[in-house]
1. Yes or no: Asp200 touching a residue at least 12 places away in the same chain (Cβ under 8 Å), of a type in the set (Asp, Glu) and surrounded by 23 or more Cβ atoms within 10 Å (Cβ to Cβ)?
2. Can we say Pro180 is over 14 Å from the mean Cα position of the chain (by Cα), closer than 30 Å to Thr49 by Cβ and modelled with pLDDT of 95 or more?
3. May I ask you to list pairs of residues, at least six apart or on different chains, whose Cβ atoms are under 7 Å apart, with the first in the range 230-242 being among the charged types (D, E, K, R) and the second being assigned to a strand (DSSP E or B) and surrounded by fewer than 19 Cβ atoms within 10 Å (Cβ to Cβ)?
4. Considering only helices (runs of 4 or more DSSP H) fully contained in the range 48-162, which possess at least 1 residues that are in contact (Cβ under 8 Å) with a residue 40 or more places away in the chain, within 15 Å of Leu191 (Cα to Cα) and of a type in the set (Val, Ile, Thr)?
5. Return the total of residues in the range 87-99 being in contact with a strand residue (DSSP E or B) (Cβ under 7 Å, 6 or more places away or on another chain) and under 16 Å from Val157 (Cβ atoms).
6. Taking Asp228 and the conditions (1) surrounded by fewer than 17 Cβ atoms within 10 Å (Cβ to Cβ); (2) closer than 27 Å to Leu152 by Cβ; (3) of a type outside the set (Ser, Thr, Tyr), which numbered condition does it fall short on, given that it satisfies the others?
7. Scan the range 163-172 and tell me whether some residue there is in a loop (DSSP other than H, G, I, E, B), in contact (Cβ under 8 Å) with a residue 40 or more places away in the chain and among the small types (Gly, Ala, Ser).
8. Go through (1) surrounded by 21 or more Cβ atoms within 10 Å (Cβ to Cβ); (2) in contact with a Ser or Thr (Cβ under 9 Å, 6 or more places away or on another chain) for Gly269 and report which single condition fails.
Amino acid sequence: MKPILLSFSILLMSYTSFAQTPIQINTKSTTRHGPENGSLLIIGGNVGTTPAVWNKFTELAGGKDNAHIVVVSAAVGDSAAFDQKDVDLVKKITGIKDVVLLHTKSLAEANSEKFIAPLKRATGVYFLGGRQWRIADSYLNTLTQQAFFDVLNRGGVIAGSSAGASIQGSFLWRGDTKGPEILIGDHLQGLGFLKDAAIDQHLFVRNRQFDLVDFIKASPKLIGIGLDEATAVWIQKDKLEVLGKSYVAIYDYDNIVKKNIPFYLLRAGDKYDLKNRVLLTKPPVNN
């Protein structure tokens, strides 16, 4: 891990100075991290049929009778190009009838009006898990990426699990093509739905809870979010709420450096202000 940390400053400078920016970034955003419109649902992996998460996704997408969902399968690889099993699973769990698959690894196709047609009527997008760099390779800085943002701008929801969680941040954590054990790799830019953020997943199941600490310590502008499996955060503007079965860790520069607190744990029902970096729910009273 030491070589990775030694090279971090150079990599961060590269990410900040030379990485392309997503299409039509709003430089006058009123939010610090979250979207100005719509919602994010960021899931730590292995969501299964967790009712709290899927019910929220269905609600935010407009309800089972009105939702139009696009399932993005790039993270899985080419085996998912014509595989409808995940579409069928979303239909079964949510009761939503209008669910379609979106898949390509061609930037030319991702830049075509024909390809983005399903996104123009979508009320929700769901990114499958796999490898997050594949999503970046397929969609970063394309018309499709802009169409994802348009879903948010219309008040829709963007959700994703595992790799589909990490890709939602602006900094792409574990984005190396050689493997997820490389924390800062050859892909640095996420799709940026959550601004100035790095997102980790499978947190406690894979003993990753300390991996973001040094990174956030070296980059005070960013916030880190680590999610355990079957657990999600629902974000509207700069307000975050935890859903699901386990815990979410918040990595904040001030807590790490000034208070020597590596991360702050939140559980289902807890709410957090991303703008002011404060907990909005009171801790339980000990009897």
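1. Values: touching a residue at least 12 places away in the same chain (Cβ under 8 Å): yes; of a type in the set (Asp, Glu): yes; surrounded by 23 or more Cβ atoms within 10 Å (Cβ to Cβ): yes.
Answer is yes for this residue.
2. Details: over 14 Å from the mean Cα position of the chain (by Cα): yes; closer than 30 Å to Thr49 by Cβ: yes; modelled with pLDDT of 95 or more: yes.
In short, yes.
3. Asp238/Asp273; Lys239/Lys271; Lys239/Asp273; Glu241/Lys271
4. Details: elements: 51-60, 85-94, 107-110, 113-120, 132-139, 143-153.
The helices (runs of 4 or more DSSP H) meeting that bar are 132-139, 143-153.
5. Quick first cut of the range 87-99, residues in contact with a strand residue (DSSP E or B) (Cβ under 7 Å, 6 or more places away or on another chain) only: 87, 90-91, 96, 98-99.
Next cut, under 16 Å from Val157 (Cβ atoms) only: 90, 96, 98-99.
Number of matching residues: 4.
6. (1)
7. Of all residues in the range 163-172, those in a loop (DSSP other than H, G, I, E, B) come to 167-168, 172.
Still in the running and in contact (Cβ under 8 Å) with a residue 40 or more places away in the chain: 167-168, 172.
This time we only want the ones that are among the small types (Gly, Ala, Ser), so: none.
Checked against the condition, which is being in a loop (DSSP other than H, G, I, E, B), in contact (Cβ under 8 Å) with a residue 40 or more places away in the chain and among the small types (Gly, Ala, Ser), the range 163-172 yields no hits at all.
8. All conditions are met except number (1).
The values are calculated or read from the model by the stated rules, or taken from the named source; none is laboratory data. Model, not experiment: these values are computed from the prediction. Ideal geometry is used to build each Cβ from the backbone, glycine not excepted, and the neighbour counts take in all protein chains shown.
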